[in-house]
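Throughout, read-outs are computed from the coordinates displayed, never taken from laboratory work. Since we're looking at a predicted model, the values are computed, not measured. Cβ placement follows ideal geometry from the backbone for every residue including glycine, while neighbour counts extend to all protein chains displayed.
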Amino acid sequence: MNKIIKIYEKIEVNVLILGIFLRHIKTYKGINFIPLSDGNSFCGLVGDNGIGKSTILESLDTIFNNRDWNINIEHKSKTKDNLPYILPIFCIEKSKLDNDLDHTDILNIVNKATREITIPEFPSRSKEVSTRVFDHIARFLVNADENDKYYLIPLGVKEDRSLSFGIFERFIHQRLKDNYLLGDDNSDDENFFEPIYKILSEIWEKILGLYNYIYIPKELSAEDFTKLHNKEFQILMGKTLTETLDTFIPQNFVQKINDNLDQIITAITEDLDFYTYRTIHTRQQKLKKADIYQLITDAYFGIRHIHQRFNTDSWIPISKLSSGEKQKAILNIAHTLLIKKQSSNKDKYVILGFDEPESSLHISACFDVFQQLYDTSKYCNQLIFTTHWYGFLPAVIDGNTVIISRNDNQDHQFDFINIYKYREETKQAQEKSGKNNKLPSSIKLKSVNDLVQSIICGSMGEEPFNWIICEGSSEKVYFNYFFSDLIENNRLRILPVGSYKEVKRLYNHLSIAFQEFKDEITGKVYLLCDTDKDLDNKYTPLQENQHPNLRYRRFVNNTRNGTTRLEVINTSVASDPTELEDVLNAKTFVKTLEQFKDDFPKELKLLEPDIYEVFEENEFLPSAWAFSLSPPNRIKLMKFFDTNKGEMKVQFAKKYIQNVDDINELPWINDIKKFLIST
């Protein structure tokens with residue numbers, strides 16, 4: 001039996017929405033499932049204009065904030081079975097919903113059914129959608145840590161506001177019957193489900209009460225967003241304006257005002273004898289608390305507008321800023337309030353939906369905005385944004401992106417990518433795509449061009465990004481650890497691009513740009529590859545004196561003195577094929593490999609005491625020479641690392657960094673650090 005290797009390190013679940021079904025909503029015809037998270041809180045929606053990115057954010061606004069429904073114009077049939085619906089798959093802490101026994105019983109059934117349903121148990125007419133849903137839930141369950149603490153609930157509403165389980169309905173209904181009817185299949189469905197759906201309505205209201213969804217549409221002005229009575233702004237503040245006023249306005253304050261106003265009317269009536277002031281209603285209306293609060297809002301807060309400080313004592317109204325500066329201000333304000341008001345929102349799940357945050361920004365400002373967007377996602381439960389700018393992909397450490405396109409039949413297509421491995425997964429998505437279901441050429445081109453553009457633009461300025469560009473995700477695990485100080489303090493980004501060919505392709509683009517913008521580039525870029533069996537050295541990279549901030553190197557183990565060197569990519573220096581697993585610290589390498597023996601006894605049977613080399617204290621020996629291996633045994637060890645298409649390398653890397661005693665144990669890492677921090 002094959003062992004299951006987890007693709008990513010276990011993700012700490014952030015209470016979120018795994019995905020959303022849209023049926024007959026705006027640009028979406030029929031049933032569509034849009035994946036939004038595999039456990040990460042950060043998700044970008046990318047695609048062409050009019051493809052339906054904003055529709056996803058608007059649909060969440062319809063669910064949580066009663067936004068008007070926007071039905072697909074081609075939807076004609078209004079039968080009960082074909083009504084438009086919006087249906088998220090919620091991931092919610094069980095403790096938040098387990099305070100009612102009836103609720104808990106139904107939630108457990110729904111949760112278990114959602115986790116256990118298989119593709120044949122979905123409606124046959126929805127096979128393609130069903131497969132995507134099944135794969136996405138399976139992906140979440142594999143990668144999310146302690147996912148059994150959460151309910152998975154596929155529940156939404158139809159246009160007529162009735163509840164729906166969507167394509168899960170038949171299976172969940174059968175599970176409910178199996179649980180409550182105990183073999184009695186003669187019960188009338190309508191009578192059976194009526195009390196259940198009454199309980200589900202209570203659960204639905206409770207779910208909605210748990211969430212605060214803040215939607216920032218592209219057309220929302222900074223002035224409107226920052227008005228103190230704006231609902232979204234009040235959510236960020238952690239309390240409403242009414243709740244704030246309640247803290248210092250006495251309860252009898254309004255009554256006293258009404259009493260005194262009544263006395264004025266009474267006095268006037270007595271003076272006029274035959275005349276008085278009355279309302280058109282029989283009952284004389286009194287001022288309510290809300291009326292007083294509205295007067296305060298209009299008279300006090302209504303005349304105050306938010307300003308941004310520049311320099312020490314210069315304040316400029318946001319309304320006077322450029323469009324790009326206004327966009328940055330909205331994100332700055334949201335980011336700051338989410339951090340400072342975290343405790344006020346601790347009982348709510350906050351989801352932030354941001355439509356095109358790069359709108360009106362100069363490309364040089366995009367990098368910082370998306371970095372801040374990523375940082376903001378750490379202070380809310382989920383952040384979903386739309387964008388046309390693919391340059392955010394290398395700027396963030398992890399998260400998800402959804403590439404939305406149409407296939408040859410004009411049906412929507414959703415390619416879900418984990419940003420941690422985005423170049424590799426994009427490549428896999430392209431390889432999986434068939435003739436009628438492929439990533440559009442424009443996206444393939446944009447992926448490369450925006451990546452290069454973002455690296456170049458991010459490498460300019462007084463506080464540039466620095467980059468290490470490598471082949472695979474296992475390298476990123478090692479480098480995230482060994483370069484953690486530079487990631488934290490020197491804006492270093494680690495970018496695995498999938499293969500030697502991709503590194504080379506990226507270098508070819510970058511070298512042209514580095515020559516063209518030689519005087520403007522202040523950041524450093526270091527490209528690093530394995531030494532392959534068939535070394536491609538037919539081209540000449542930029543020499544150090546042509547651009548001192550660009551390096552392209554490969555691993556080489558020196559058999560004469562037992563050291564690892566980083567050679568210029570096209571050097572003729574001879575070397576056996578050398579991968580990163582060959583240039584680790586031999587002592588730590590052996591210790592880590594031993595920890596896999598119990599799970600892989602057959603593959604690692606070769607680890608016998610007589611093959612181990614003697615390690616000198618405080619001396620670096622490359623891991624390639626940790627053992628005296630015969631050629632057949634060396635092949636076996638290589639096959640171990642190639643387990644599950646190389647995912648074993650990622651598993652090994654995670655275990656290796658846990659065993660490191662000295663973060664400076666790899667001399668060649670320090671060589672790269674010297675380059676990155678040199679001036």
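Overview of values
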quantity	calculated
Helix-only [θ]222 nm of the chain, DSSP H runs n ≥ 4, -39500 (n - 2.57) each, per residue, nearest 500	-12000 deg cm²/dmol
Value of Rg to Rh for the stretch 136-218 (Rh from inverse mean 1/r over Cα pairs, i.e. Kirkwood)	1.04
DSSP-assigned coil residues among GluC sites (Glu not before Pro) in the stretch 187-229, each with at most 10 further Cβ atoms within 10 Å	Glu219
Size of electric dipole in the chain: Cβ of Lys, Arg +1 and of Asp, Glu -1, about Cα centre, debye, nearest 20	1100
Set of aspartates and glutamates with alpha-carbon distance to Lys289 below 18 Å, sequence-local pairs under 8 removed	Glu243, Asp246, Asp259, Asp262, Asp298
Two-site FRET efficiency, Asn489 against Arg125, from Cβ-Cβ distance with R₀ of 51 Å, rounded to 0.05	0.40
Computed E for His388/Asp273 - FRET, C-beta separation, R0 51 angstrom, nearest 0.05	0.10
Ranking of Leu383, Leu338 by count of other Cβ atoms within 10 Å, fewest first	Leu338, Leu383
Spherically averaged projected area of the chain from its Cα convex hull (nm²)	41.9
Alpha-carbon centroid distance for the pair the stretch 467-493 / the stretch 329-348, whole angstrom	29
Separation of alpha-carbon centers, the stretch 89-114 and the stretch 351-382, rounded to whole Å	33
Sorted by Cβ neighbour density within 10 Å, fewest at the top, the residues Trp467, Trp668	Trp668, Trp467
30 Å Cα-Cα threshold exceeded, pairs from Lys227/Lys378; Lys177/Lys346; Lys326/Lys654; Lys78/Lys227; Lys127/Lys378	Lys177/Lys346; Lys326/Lys654; Lys78/Lys227; Lys127/Lys378
His281, His412, His362 arranged by Cβ crowding within 10 Å, fewest neighbours leading	His281, His362, His412
Violating pairs (Cα-Cα greater than 30 angstrom) within the set Lys348/Lys446; Lys649/Lys673; Lys53/Lys504; Lys328/Lys348; Lys80/Lys112; Lys112/Lys341	Lys348/Lys446; Lys53/Lys504; Lys112/Lys341
Model label zone, Leu245; criterion: amide N under 15 Å from point 7 Å along Cα-to-beta-carbon; scope the stretch 298-320	298-304
Per-bin percent of Cα-Cα distances, the stretch 459-677 [10 Å]	7, 32, 36, 18, 6, 1
For the stretch 210-350, convex hull volume per residue from C-alpha positions, Å³	197
Neighbourhood charge, 13 Å Cβ-Cβ cut-off, centred on His388 and excluding it, Lys, Arg +1 and Asp, Glu -1	-2
Over the chain, relative contact order from alpha-carbon pairs under 8 Å, at least 6 apart, %	13
